[in-house]
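One structure is given below, encoded as structure tokens.
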Amino acid sequence: MKRFSEAIQSKILLFDGSMGALLSRMGHVTPCPDELAVTRPDVIRSVHQGYLDAGADVLLSDTFGATEMTLAHKKRAGMGETITATAVRLAREVAGSRALVAVDMGPTSAFLYPTGEAMPADFYKTFFDQARCAKENGADFAMIETQTDIGEARLACLAARAAGLEAAVSFTFGRNTGRTLTGSPAECCAAALEAAGAAALGLNCSPSPEDMIGLLRAMRRVSALPVVVQPNAGMPETAPDGSTFYPYSPEKMRECARALLEAGASAIGGCCGTTFDHIRALKPLTGGPVPAPAWDGQARLCSRRDCATVTEALEAVADLSDPEDAYDLEGDETAVRLDLRGLAPDEAAVRTLDASAATRLPLILRADDADALRAALLACPGRPAADAPADLRPIIDEFGAFPVA
């Protein structure tokens, strides 16, 4: 069987559809759908079989909320390895050699410092542990999806790669804002995750399929990576009896998927509200040649909120050591060079995160110590540049930063 990165370059792939929403529709309402892989393996197996029979080339394991950080919120701490191992094995058993298996890795519901209290190492560990367990139990790659924060998504990607899995990273955007929950446009998400070593980018969940076309084109403009698009079956609506339903029929979803493929998607599938019939309706659109890249050829730096070509970003650099000074910039600056020299690794990470919160501008991290540079590059949301001695170049390359020294 081909590696995921090879498969998605060889033909239009079909991903499966909803797991959590479908389970609810089937009557399995639970605050922890991932636990059903352990308590009701027959149900999860039947979902995978339904999608495989519908023609899916990729099955996602029932592990969207199975990191330890997420399970702790659901009073199920300590079950991450059991759930992940069981769920991935179930998907692998059903898929056999007919489909690829992705460990589904969703957001943790925690926020990265300084917005929240979680530190980069917390996210990295929880995603690494899940990815390592998934690989040991037969996952082909990681599908890091429904991401709302570029920093968390980047850490998940780095952790999955360190555990030996290729990663596709998919974001969800506000319908009216075109940005993630923490303010990142599609361009920043694409530039940052390509630099972090993702094998593919993605869009999933909300907004509606039609709204995804512009986001898809924005990603393709700044990255040569293939893009997976998994929309909801429209935006959820409320019926007169108070129940929630998704308005798009399988036929309507097929029309939307055709438009997404014309806009450059390399793989399609479904998210909330989609069923076996929706995936079956998409099957005839897949299997053909993948689109040519639409990347404009420009290397970019990005913060959480803004993206610029390297040339643009280096036009007017402000040198700072105190992140608070970023609030006093005059507005003509195009990047911030942050001095991390003399700092311990933890201090370098905190200073980097503070600066990322204080300015929209891309960062250039200036360091002369390997451990401090590594900690800062791990922490930095976006794609920074690095100003460091030549012997630290392997660390810069490891994290996909742009060398400027």
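The values are calculated or read from the model by the stated rules, or taken from the named source; none is laboratory data. Note that the coordinates shown come from a computational prediction; the quantities given were computed from them, not determined experimentally. So basically every Cβ, Gly included, is an ideal-geometry build from the backbone, and we count neighbours across all protein chains shown. Just so you know, the surface numbers come from the protein's heavy atoms only, side chains and all, with ligands and any DNA or RNA stripped out. Shrake-Rupley method; radii C 1.70, N 1.55, O 1.52, S 1.80 Å.
Averaged over every viewing direction, what's the projected area of the C-alpha convex hull for the chain? Give it in nm², one decimal, please. Write down the numbers at each step before the final one.
On the way: hull surface 76.5 nm².
Over all viewing directions, the chain projects a mean Cα-hull area of 19.1 nm².
Counting only C-alpha contacts under 8 Å and six or more residues apart, can you give the relative contact order of the stretch 273-379 as a whole percent? All intermediate terms of the calculation are to be shown ahead of the outcome.
On the way: 149 pairs, mean separation 26.2, N = 107.
It comes to 24 percent, rounded to a whole number.
Volume per residue, Å³, of the convex hull around the alpha-carbon atoms of the stretch 139-296? Write out the running numbers ahead of the final one.
On the way: hull volume 19.0 nm³, N = 158.
Convex hull of Cα atoms, per residue: 120 Å³.
On a straight-distance basis, which aspartates and glutamates could pair with residue 75 in a cross-link, Cα separation under 15 angstrom, same-chain partners fewer than 8 positions away excluded?
Within the straight-line limit of under 15 Å, residue 75 reaches these aspartates and glutamates: 34, 35.
Determine which lysines satisfy two conditions relative to residue 11: a Cα distance under 22 Å, and not lying fewer than 8 residues away in the same chain.
Within reach: 2, 283.
Please return the longest stretch of the chain lacking exposed loop sites, where GluC sites (Glu not before Pro) count only if DSSP places them in a loop and at most 14 other Cβ atoms lie within 10 Å.
118-314
Between the stretch 155-202 and the stretch 213-279, what is the separation of their alpha carbon centroids in Å?
18 Å
What is the stretch 224-334 by shape, rounded, prolate or oblate, if you read a ≥ b ≥ c off the alpha carbon gyration tensor as root eigenvalues and call it rounded for a/c under 1.5, prolate for a/b larger than b/c, and oblate otherwise?
On the way: a/c = 4.69, a/b = 1.86, b/c = 2.52.
Note, shape of the stretch 224-334 comes out oblate.
Taking a temperature of 4 °C and a viscosity of 1.567 mPa s, what whole-number D in µm²/s does Stokes-Einstein yield for the stretch 352-405 with Rh from Kirkwood over alpha carbon pairs?
It diffuses with D of about 119 µm²/s by this estimate.
Would you kindly find the accessible area of residue 19, with a 1.4 Å probe and non-protein molecules such as ligands, DNA and RNA excluded, rounding to the nearest 10 Å²?
The accessible area comes out at roughly 30 Å².
Would you kindly state how much longer the chain becomes between residue 322 and residue 249 on full extension, computed as 0.36 nm times their sequence separation minus their alpha carbon distance, in nm to one decimal?
Values: separation 73, 0.36 × 73 = 26.28 nm, distance 5.43 nm.
Here the answer is 20.9 nm.
Given a cut-off of under 8 Å on Cα pairs at least six residues apart, what relative contact order in percent is computed for the stretch 42-128?
35 percent
Rounded to the nearest 10 Å², what accessible area does residue 399 have for a 1.4 Å probe in the complete protein model?
Its heavy atoms expose roughly 10 Å² to the probe.
May I ask for the distance between the Cα centers of the stretch 286-337 and the stretch 1-37, given as a whole number of Å?
34 Å
With a 1.4 Å probe and all protein chains kept in place, how much accessible area does residue 244 have, in Å² rounded to the nearest 10?
Surface accessible to solvent at residue 244 totals approximately 90 Å².
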